[in-house]
Structure formats: C-alpha cells, structure tokens
1. Need pairs with beta-carbon distance below 6 Å; first residue crowded, with 21+ Cβ neighbours inside 10 Å and at pLDDT below 95 and within the range 65-80, second assigned to a strand (DSSP E or B) and among the hydrophobic types (A, V, I, L, M, F, W, C); sequence gap 6+ or separate chains.
2. Would you mind finding the one in ASP147, ASP158, ASP217, ASP193 that is surrounded by fewer than 16 Cβ atoms within 10 Å (Cβ to Cβ) and either at pLDDT 95 or above or aromatic (Phe, Trp, Tyr) (or both)?
3. Can you pull out every residue in the range 152-185 that is assigned to a loop (DSSP other than H, G, I, E, B) and either hydroxyl-bearing (Ser, Thr, Tyr) or closer than 14 Å to THR121 by Cα (or both)?
4. Please pick out the residue among TYR3, TYR37 that is out of contact with any helix residue (DSSP H, G or I) (no Cβ under 6 Å at 6 or more places or on another chain), of a type in the set (Ser, Thr, Tyr) and assigned to a loop (DSSP other than H, G, I, E, B).
5. Taking the residues in the range 124-144 that are within 17 Å of GLU170 (Cβ to Cβ) and of a type in the set (Ser, Thr, Tyr) as candidates, determine which candidate is most open to solvent (accessible area, probe 1.4 Å).
6. Taking SER133 and the conditions (1) under 30 Å from ASP85 (Cα atoms); (2) of a type in the set (S, T, N, Q); (3) in contact with a helix residue (DSSP H, G or I) (Cβ under 9 Å, 6 or more places away or on another chain), which numbered condition does it fall short on, given that it satisfies the others?
7. Hey, among the residues in the range 147-198 that are more than 27 Å from ASN215 (Cβ to Cβ) and among the hydroxyl-bearing types (Ser, Thr, Tyr), which one's nearest to the chain's Cα centre (by Cα)?
8. If I ask for residues that are open to solvent by less than 20 Å² (accessible area, probe 1.4 Å), free of Cβ contacts under 8 Å to residues at least 60 places away in the same chain and within 16 Å of TYR37 (Cβ to Cβ), which ones from the range 163-190 would you list?
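The values are calculated or read from the model by the stated rules, or taken from the named source; none is laboratory data. All values derive from a computational prediction rather than experimental measurement. Cβ placement follows ideal geometry from the backbone for every residue including glycine, while neighbour counts extend to all protein chains displayed. Accessible surface areas use protein heavy atoms only, side chains included; no ligands, DNA or RNA. Shrake-Rupley method; radii C 1.70, N 1.55, O 1.52, S 1.80 Å.
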Amino acid sequence: MNYNIAEKFISINGEGMLAGQLAVFIRFCHCNLNCSYCDTKWANTMTTPIEVMDENQIYNFIRSTGIKNVTLTGGEPLIQKNIRDLLVMLAKDKTIHVEIETNGSVPVSDFMDIDNRPSFTVDYKLPGSDMESKMYLMNFRHVTKLDTVKFVISDDHDLLKTAQVIRQFELQKTTNVYLSPVFGRISPERIVDFMKENNLNDVNLQLQLHKIIWNPDKKGV
C-alpha cells in the first residue's frame with residue numbers, strides 16, 4: 001500500500017510524554033480539519049510536494065535512522081487509506097515506540113486491538129480552533145495511560161472549556177492530560193495561573209520545544 005508523505009526527518013519530540021527525546025517523524029499529507037492556528041497547512045493542500053512510500057519503505061527508513069521513537073503526524077494520519085496496515089507492520093517491531101498525533105475527529109477505537117498498539121496523542125479542538133464541532137468524544141472512552149489528550153489553547157474562553165471537558169470526562173483518571181498554548185496567542189503564564197485557580201491536578205503544561213529552539217516557521221524540526 002502506498003502513502004503520501006509530506007516530509008520525514010529526525011528531530012526531538014517537541015511535545016508530550018517524550019518531549020525532548022529524539023524521534024523520527026513521518027508527516028502524512030492532507031487533513032479533514034482546517035484549524036485556525038494550524039502550523040502545517042502547507043502539508044494539507046493538493047499541491048503539496050509528496051514522496052510516495054509503501055509500508056516497507058517507511059519501515060526501512062525508520063530502521064535506517066537508528067531512532068527508536070517514531071511519531072506519525074500530519075495532516076491527519078488516521079484518515080490515510082490503509083493506515084491500519086502500516087500500524088500493524090510497525091507494531092511487530094517491539095524495539096520501536098510508535099506515537100500517532102491525531103486531531104480528535106477520528107475514532108481511535110478502530111486501532112486499539114492491534115497487538116503492541118501505538119500510543120495516541122488525541123487533540124481536543126477548542127472553540128479557538130473553529131473545529132470543535134468535529135470532535136469525536138467517544139475517543140475519551142478508549143484512551144488509557146498509554147495515551148495523551150492534548151488541549152491547544154488560544155484564549156481564556158478555551159481555558160474555561162478545557163476545564164469543563166477535563167472534569168466532565170475525568171480525564172486525569174484515565175489518561176495523560178497536556179495543555180499547550182497556541183504560539184503567540186496566549187502566554188504560558190496565563191495558563192499556569194488558570195491551572196492554579198482551578199486546582200487542575202495531574203494536568204501538564206507543555207511548550208512546543210521545536211518552536212523555542214528553532215524559528216517557529218522552520219520545517220523538518
């Protein structure tokens with residue numbers, strides 16, 4: 001099966017439980033959402049330059065890097081045709097750790113039965129994204145401590161909705177919860193103040209390390 005790849009590269013994980021660790025990134029083309037703050041819109045257009053790779057070529061590239069952490073991102077990985085075939089192949093290699101960054105609109109339950117399944121970083125798109133209506137809330141019934149739910153926050157309205165969703169689904173009990181500021185829209189200090197004001201225990205603030213280390217618009221990092 002062939003997949004349209006926008007870019008592949010080695011860097012550090014900029015976010016999540018493995019932030020700061022080396023990872024090999026596979027970025028798929030195209031997305032079913034159009035978030036207001038998306039920083040990879042270039043990967044979602046019909047004119048995006050692509051490299052067509054099958055699952056064996058993707059796996060061989062990953063192995064050739066010598067890096068054990070693998071991040072599948074996009075675009076939206078879970079809307080790629082035959083993505084399950086790739087996930088099953090990668091899961092057979094227990095020397096690598098596969099993480100999928102998914103936008104929260106696609107059911108993750110379809111992949112939970114894979115032996116040695118990948119971990120999922122599932123976004124909840126808040127009002128500031130203009131995509132909140134697309135969220136598939138049933139995902140919160142399936143994520144575990146192997147996974148992460150991420151809230152990307154634009155403003156105080158987003159903060160209030162974040163607290164509401166966390167409490168409604170008691171996410172701290174079932175998964176890992178991360179809050180991330182939209183770069184340039186809200187200060188990390190404001191998010192920390194809100195966490196203190198609302199006693200958001202077992203919730204993590206994260207900053208996008210790759211945007212701090214490199215130019216925020218730089219690709220391949």
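1. GLY74/PHE28; GLY75/PHE28
2. On inspection, the qualifying residue turns out to be ASP193.
3. Across the range 152-185, the qualifying residues are SER154, THR175.
4. None of the others qualify; the one that does is TYR37.
5. THR144
6. For SER133, the failing item is (3).
7. Within the range 147-198, the match that is nearest to the chain's Cα centre (by Cα) is THR175.
8. Residues satisfying the conditions are LEU179, PRO181.
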